[in-house]
Amino acid sequence: MLPQHDRYDFVPLPERRDYSWPGAKRLAFLLTTNVEWFAYGAGLGHDPAKTGEPQTHRNYSWRDYGNRIGVWRLFDLLDELKLPAAHNANSLLYDYAPQIMAAIRKRGDEVVAHGRTNAENLRGLWQPDEERILREVTETITRHEGRAPDGWMGSGAYETAHTPDLLKELGYKYLMDWPMDDQPVWLRTRSGPLLSVPYPIELNDSQAIVHRKQDAADFCDMVVDQFDEMIEQCERHPLVMNVSVHSYVFGQPFRLRRLRGALKHCLQHPKAARAWWTRPRDVAAYCYLLEPGIVP
């Protein structure tokens, strides 16, 4: 037999039970930004020119552009369009850039736990070491926000074999590391079910622009095409559309204009009233209220 994870069962879309989102909506639209801090000259991190380049002043400062400039442009865009958002945030940002976290709090947006820094990830960690990091991140966010984070998105979407178990035991309601579906799915853990909320690898500017070398027009065409298709498909099955952007990628002015146009297209679509413009914690909270067996 092939090695398997045993976290979820195979339930094809046509065999699933139907349900609607609050207000009889059919498509849950999520916009998730990634607000990250990196080590200088060490650790992991993207490079705008070439995959696998060593960590230098150049790629550190390019990524720090997202904290100094890019994220503020994204906040302005969200305010302009009156869109709610979630923010995958490294917990060390509370020390480095507390103004960013205060702005997220002021907007009433969701802070999704995103590790300590994107200069590290969980791969290869022994369970006690991983638990220590997860606990540190959780306690930092709780101390600053006055509430524990509901959701987790791993740095680089990396996990160990124990991550869902540890997250469940720390009180998390959902995670977004498993891109296997367009609907929420229950994951099995050793302490009970944990919800997987859809999060994109494809509709993710880091993957599309930094790795696949697509441009802003390509990415925003993907956003438009995804929405146009899913707003039709959701009449048969309730769906989640999650768009992931990074402050150092789409915070650049020449890309921001394209993103504004794509989001306006979605908001002004003739069937936009069928969409629930929301945050992942609200999707998760609603799923926990549904009758057992409805969410696969």
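Just so it is clear, none of the values below were taken in a lab; they were calculated from the coordinates. All values derive from a computational prediction rather than experimental measurement. Cβ placement follows ideal geometry from the backbone for every residue including glycine, while neighbour counts extend to all protein chains displayed.
Quick one: grab the alpha carbon gyration tensor of region 151-243, order the square roots of its eigenvalues as a ≥ b ≥ c, and give me rounded if a/c is under 1.5, else prolate or oblate depending on whether a/b is larger than b/c. All intermediate terms of the calculation are to be shown ahead of the outcome.
Working: a/c = 3.64, a/b = 1.52, b/c = 2.39.
Taking the square roots of the gyration eigenvalues as a ≥ b ≥ c, region 151-243 is oblate.
Quote to one decimal, in nm, the extra length available between Y19 and L81 on full extension: 0.36 nm per residue of separation minus the C-alpha distance between them. Before the final figure, lay out each step's value.
Values: separation 62, 0.36 × 62 = 22.32 nm, distance 2.81 nm.
Taking Y19 through L81 to full extension adds about 19.5 nm, to one decimal.
Which one, (i) 39, 18, 17; (ii) 34, 24, 15; (iii) 27, 25, 18, gives semi-axes √(5λ) of the Cα gyration tensor in Å as derived from the coordinates shown?
Here the calculated entry is (iii).
How compact and how long is region 26-151, expressed as Rg and Dmax of its alpha-carbon atoms in Å?
Taking only Cα atoms of region 26-151, I get Rg and Dmax of 15.3, 46 Å.
Per residue of region 241-255, in order, report the coupling 6.51 cos²θ - 1.76 cosθ + 1.60 (Karplus, θ = phi - 60°) as ³J(HN,Hα) in whole Hz, putting x for Gly and Pro.
These are the phi-based 3J(HN,Hα) values: 10, 10, 10, 10, 10, 10, 5, 8, 9, 7, x, 6, x, 5, 8 Hz.
From Cα pairs below 8 angstrom and at least 6 apart in sequence, can you work out the relative contact order of the chain, rounded to a whole percent? If you can, show how the numbers build up before the last one.
Numbers: 510 pairs, mean separation 83.4, N = 296.
Answer for the chain is 28 percent.
Going toward the positive end of the dipole of the chain, with +1 on Lys and Arg Cβ and -1 on Asp and Glu Cβ, which of P164, M222, S61 do you reach last?
The one lying farthest along the dipole's positive direction is S61.
For a Förster distance of 51 Å, can you work out the FRET efficiency between the beta-carbons of A39 and M1, rounded to the nearest 0.05?
Details: r = 41 Å, r/R0 = 0.80.
The value I calculate is 0.80.
Using bins 5 angstrom wide from zero, how does P(r) for region 185-296 break down, in % of all Cα pairs?
2, 10, 19, 20, 18, 14, 10, 6, 2, 0
Below 12 angstrom from the Cβ of N90, what's the summed charge of the other residues (Lys, Arg +1; Asp, Glu -1)?
On the way: positive: R63, R116; negative: E36, D95, E120, E136.
That sum, taken over residues with Cβ under 12 Å, equals -2.
Please go through the residue pairs K173/K264; K82/K271; K82/K168; K168/K271; K168/K264 and name each one whose alpha carbons sit more than 27 Å apart in this structure.
Working: K173/K264 31 Å; K82/K271 18 Å; K82/K168 33 Å; K168/K271 37 Å; K168/K264 37 Å.
Violating the 27 Å Cα-Cα cut-off are K173/K264; K82/K168; K168/K271; K168/K264.
Kindly provide the helix-only [θ] at 222 nm of the chain, computed as the sum of -39,500 (n - 2.57) over DSSP H runs of four or more divided by all residues, to the nearest 500 deg cm²/dmol? If you can, show how the numbers build up before the last one.
Details: 9 runs with 103 residues, N = 296.
Result for the chain, helices only: -10500 deg cm²/dmol.
Give the peptides 278-288, 108-118 in descending order of average Cβ contacts within 10 Å, highest first. Could the numbers behind the result be given before it?
Values: 278-288: 20.1, 108-118: 22.4.
The densest-packed peptide leads the list: 108-118, 278-288.
If each of A157 and D181 carries a label point 7 Å out from its Cα toward its Cβ, how far apart are those two points in nm?
It works out to 1.6 nm between the two label points.
When Lys and Arg each count +1 and Asp and Glu each count -1, what net charge do the other residues less than 11 Å away from A28, Cβ to Cβ, add up to? Write out the running numbers ahead of the final one.
On the way: positive: K25, R26, R274, R279; negative: D182, D282.
Within the 11 Å Cβ shell, the charges total +2.
Please give the contour-minus-distance gain from Y8 to R58: 0.36 nm per residue of separation, less the Cα-Cα distance, rounded to one decimal in nm.
Result for the pair: 13.8 nm of gain on full extension.
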